[in-house]
1. If I ask for residues that are touching a residue at least 40 places away in the same chain (Cβ under 8 Å) and in contact with a Leu (Cβ under 6 Å, 6 or more places away or on another chain), which ones from the stretch 93-135 would you list?
2. Residue by residue through the stretch 22-74, note down the ones that are in a loop (DSSP other than H, G, I, E, B), surrounded by fewer than 16 Cβ atoms within 10 Å (Cβ to Cβ) and not aromatic (Phe, Trp, Tyr).
3. With under 16 Å from Phe48 (Cα atoms), at pLDDT 95 or above and either surrounded by fewer than 20 Cβ atoms within 10 Å (Cβ to Cβ) or touching a Cys at 6+ places or on another chain (Cβ under 6 Å) (or both) as the only criterion, which of Lys142, Lys161, Lys157 stands out?
4. Which residue is nearest to the chain's Cα centre (by Cα), if the candidates are limited to the stretch 34-90 and must be closer than 22 Å to Arg148 by Cα and of a type in the set (D, E, K, R)?
5. Quick one: in the stretch 1-21, of everything that is in a strand (DSSP E or B) and over 15 Å from the mean Cα position of the chain (by Cα), which residue is farthest from Arg144 (Cα to Cα)?
6. Somewhere in the stretch 83-95, is a residue surrounded by fewer than 22 Cβ atoms within 10 Å (Cβ to Cβ) and of a type in the set (Phe, Trp, Tyr)?
7. Tell me the residue from Thr72, Thr53 that is hydroxyl-bearing (Ser, Thr, Tyr) and in contact (Cβ under 8 Å) with a residue 60 or more places away in the chain, please.
8. Within the stretch 35-53, count every residue that is touching a helix residue (DSSP H, G or I) at 6+ places or on another chain (Cβ under 6 Å) and either farther than 24 Å from Pro109 by Cα or of a type in the set (Gly, Ala, Ser) (or both).
Amino acid sequence: MQKWTFTKGLKDIGNGIWAYIQPNGSWGWSNAGLIVDSEQTLLVDTLFDLKLTAEMLEEMRRSIPAAAHINTLFNTHSNGDHTFGNQLVVEAEIVATQSTYDDMDPTVPQFYHSMMINAKQLGLGAEYLAELFKPFDFSEVKLRKPDRTFSGELELKVGDKTVRLI
């Protein structure tokens, strides 16, 4: 395993597992993961907007040849900073728990966008959130919900690796 610093980008964890991190880790700056084996890939989460997700996918594809095709995307939970980039992984089957699926509301990205452009008229709470979310662009996000759901546990194969989703 390589040593790495806490800087934005793709980090090799070892054994075909990568982390994509975004310091500083505060609201909206989530992380993602990639598991690769035998040209099969499992992406764990997307990012908060299309630009960030596209940058992440480009870095993965540049660094890991198998990432040119993402087979499966697992959404760990429904928050937008883990799902709003789903539409960019068009070839992947999206998997999530049934409760994650149920919590995903396709109207939320446009609600965020509207709140940001109308924050002054909506009051202090909206102004606060608009300031937090200023680095993000929700204007073109079309939330893509999971194709497959499960409850409890699910085992997936990524090449010869068995991944247990709990």
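The values are calculated or read from the model by the stated rules, or taken from the named source; none is laboratory data. Every value quoted in this text rests on a predicted model; they were computed, and no experiment measured them. Here Cβ is always computed from backbone atoms with ideal geometry, including for glycine, and neighbour counts include all displayed protein chains.
1. If the condition is that a residue be touching a residue at least 40 places away in the same chain (Cβ under 8 Å) and in contact with a Leu (Cβ under 6 Å, 6 or more places away or on another chain), then Ile94 is the only one that fits.
2. Pro23, Asn24, Gly25, Ser26, Ser38, Glu39, His69
3. None of the other options fit; the residue is Lys142.
4. Asp45
5. Per the criteria, the residue is Gly14.
6. No - not one qualifying residue is present in the stretch 83-95.
7. The unique qualifying residue is Thr72.
8. 3
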